[in-house]
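S.K.: Next up is a structure, given as structure tokens.
The values are calculated or read from the model by the stated rules, or taken from the named source; none is laboratory data. For clarity, every value in this text was computed on a predicted model and none was experimentally measured. In this analysis, Cβ positions are derived from the backbone assuming ideal geometry, glycine residues included, and neighbour counts consider all displayed protein chains.
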Amino acid sequence: MQGEIALSRLSRLVTQLRGEGEALVRLRFGVDERGQSFVTGELEAAVELTCQRCLQPVSVPLEVDFRLGMVKDDAQARGLDEGYEPALLQGPTLSLHEIVEDELLLALPPVPRHPTGECPAGEGTLRFGELPEPDEETDNPFAVLRGLKGRGEGG
Ligand SMILES: [Zn+2]
């Protein structure tokens, strides 16, 4: 099964994003040799987040592979084979939107940033010794104040 899901339909995810977009979703359902129902999936999306260095939009590609074993309760979840993450069934059907949304939320970078060299704010690693010296004549705020005062007295 393959399709696209509009990110705007994923209400918890969309609050984390600056813009809308779509996620490409590929899912496969099956039952393994132990009788365990599972779903494997691949998600691809480009989400627009805020760069925490320059506060400008940054497009972050997300690619997620997952393998979920469907369980009805915690006991079943504990009995899952290694390699499966448990997906708790809330009813007779599994909400694909919930699964896709959960996986995309987990894949979001905790501190989104532009890639090295592409951030307008630079690398943000200036040390004190590298700060440019202020120009005495034009940039020194006290020089400006002196100039104002002088003009006032000259009247
Ligand atoms: Zn940036």
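S.K.: Right, Gln76: over 29 Å from Leu27 (Cα atoms) and modelled with pLDDT of 90 or more or not?
M.R.: So Gln76 fails the test.
S.K.: Further, regarding this structure: Just to be sure I understand, how many residues within the range 2-40 are crowded, with 16+ Cβ neighbours inside 10 Å and assigned to a strand (DSSP E or B)?
M.R.: So the answer is 6.
S.K.: Which of the numbered conditions does Leu108 fail, given that it passes all the others? Conditions: (1) in contact with a helix residue (DSSP H, G or I) (Cβ under 9 Å, 6 or more places away or on another chain); (2) at pLDDT below 60.
M.R.: (2)
S.K.: A further question follows. Note down all Cβ pairs under 7 Å where the first residue falls in the range 53-80 and is under 18 Å from Thr40 (Cβ atoms), the second is within 16 Å of the ligand (Cβ to nearest atom) and of a type in the set (A, V, I, L, M, F, W, C), and they're at least six residues apart or on different chains.
M.R.: Filtered contacts from the range 53-80: Leu62/Val47.
S.K.: Filter the range 52-104 down to residues that are in a loop (DSSP other than H, G, I, E, B), within 16 Å of the ligand (Cβ to nearest atom) and loosely packed, with under 12 Cβ neighbours inside 10 Å, then give me how many there are. Don't jump to the end; show me each part of the working.
M.R.: Keep residues of the range 52-104 that are in a loop (DSSP other than H, G, I, E, B), which gives 52-56, 72-73, 79-84, 89-95.
Checking the rest, the ones that are also within 16 Å of the ligand (Cβ to nearest atom) come to 52-56.
Then drop every residue that is not loosely packed, with under 12 Cβ neighbours inside 10 Å, which leaves 55.
Qualifying residue count, the range 52-104: 1.
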